[in-house]
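Structure first, commentary second.
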Amino acid sequence: MSLFYRQANEEYQVLANSWRYSSAFSNKLFFTVVDYDEGADVFQQLNMNSAPTFMHFPAKGKPKRADTFDLQRIGFASEQLAKWIADRTDVQIRVFRPPNYSGTIALALLVSLVGGLLYLRRNNLEFIYNKTGWAMAALCVVFAMTSGQMWNHIRGPPYAHKNPQNGQVVSAARLLVSKLRMCRSTCLNFS
């Protein structure tokens, strides 16, 4: 399972669990998942040629074009999916994300490492006044912040783009956009 599908599944699970454990939970709305490997016939019946796809099946009638979530344009964040569900069904879902303690653990580890280093070197703290060390650290931060990777992290470009002529999904690795990002990153790092 690729990173894209794994992230989409995690967001879907966050949304489904938010609905399941909410006070407004009822039988007006159901969430289900069909895996392509186990249900390829379902994908054929629905004329779906890409995954993941989020669809709404109304209580009466067949699904319309608006009943398929536009993943390429809007993204797959749980909040966006909840808004789309509210537009289609008038059911409001408040998204509850599970707590993420990785930042807290990383900060505690960093503080303990710095504290341990200062404790072990308490008799000789001259390294704090080393201008070359501070200059190297500053250059590392500048290069990291001006790199294309940081730009991608902040902007969050899509993993793939849909070709408007034939509807084929093309990965971002094959597009000119990714080549320009790499060129931009190289130019910024060597200027």
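The values are calculated or read from the model by the stated rules, or taken from the named source; none is laboratory data. Because the structure is a prediction, the values reported are computed rather than measured. Every residue, glycine among them, receives a Cβ derived from its backbone with ideal geometry; neighbour counts consider all protein chains shown. Areas reflect the complete protein model, heavy atoms only, side chains present, ligands, DNA and RNA absent. Shrake-Rupley method; radii C 1.70, N 1.55, O 1.52, S 1.80 Å.
Tell me which residues, restricted to segment 90-127, are in contact with a Lys or Arg (Cβ under 9 Å, 6 or more places away or on another chain) and assigned to a helix (DSSP H, G or I).
Result: Phe127, single match.
Quick check: is even one residue across segment 32-55 in contact (Cβ under 8 Å) with a residue 60 or more places away in the chain and farther than 25 Å from Asn166 by Cα? Full working, then the answer.
In the first step, residues of segment 32-55 are kept if they are in contact (Cβ under 8 Å) with a residue 60 or more places away in the chain; the result is 50.
Keeping just the survivors that are farther than 25 Å from Asn166 by Cα gives none.
No: segment 32-55 contains no residue that is in contact (Cβ under 8 Å) with a residue 60 or more places away in the chain and farther than 25 Å from Asn166 by Cα.
Name every residue in segment 8-36 that is closer than 24 Å to Asn100 by Cβ, part of a loop (DSSP other than H, G, I, E, B) and under 22 Å from the mean Cα position of the chain (by Cα), in order of residue number.
Phe31, Val33
Exactly one of these conditions fails for Ala173: (1) modelled with pLDDT of 60 or more; (2) open to solvent by 70 Å² or more (accessible area, probe 1.4 Å); (3) closer than 23 Å to Gln7 by Cβ. Give me its number.
Going through the list (1) modelled with pLDDT of 60 or more; (2) open to solvent by 70 Å² or more (accessible area, probe 1.4 Å); (3) closer than 23 Å to Gln7 by Cβ, Ala173 breaks only (1).
Restricting attention to segment 57-87, and to residues there that are among the acidic types (Asp, Glu), more than 11 Å from Leu15 (Cα to Cα) and assigned to a helix (DSSP H, G or I), which single residue is most open to solvent (accessible area, probe 1.4 Å)?
Asp87
Kindly list the number of the only condition in (1) under 27 Å from Asn166 (Cα atoms); (2) free of Cβ contacts under 8 Å to residues at least 60 places away in the same chain that fails for Leu81.
(2)
From Val42, Val14, which residue is among the β-branched types (Val, Ile, Thr) and either closer than 22 Å to Gly75 by Cβ or surrounded by 15 or more Cβ atoms within 10 Å (Cβ to Cβ) (or both)? Working first, answer last.
On the way: Val42 fails: either closer than 22 Å to Gly75 by Cβ or surrounded by 15 or more Cβ atoms within 10 Å (Cβ to Cβ) (or both).
Criteria check complete, one pass: Val14.
So which pairs qualify, if the first residue must be in segment 130-145 and free of Cβ contacts under 8 Å to residues at least 24 places away in the same chain, the second must be part of a helix (DSSP H, G or I), the Cβ gap must be under 9 Å, and the two must be at least 6 apart or on different chains?
That search, which allows pairs on different chains as well, returns Gly133/Phe127; Trp134/Ile128; Ala144/Met150.
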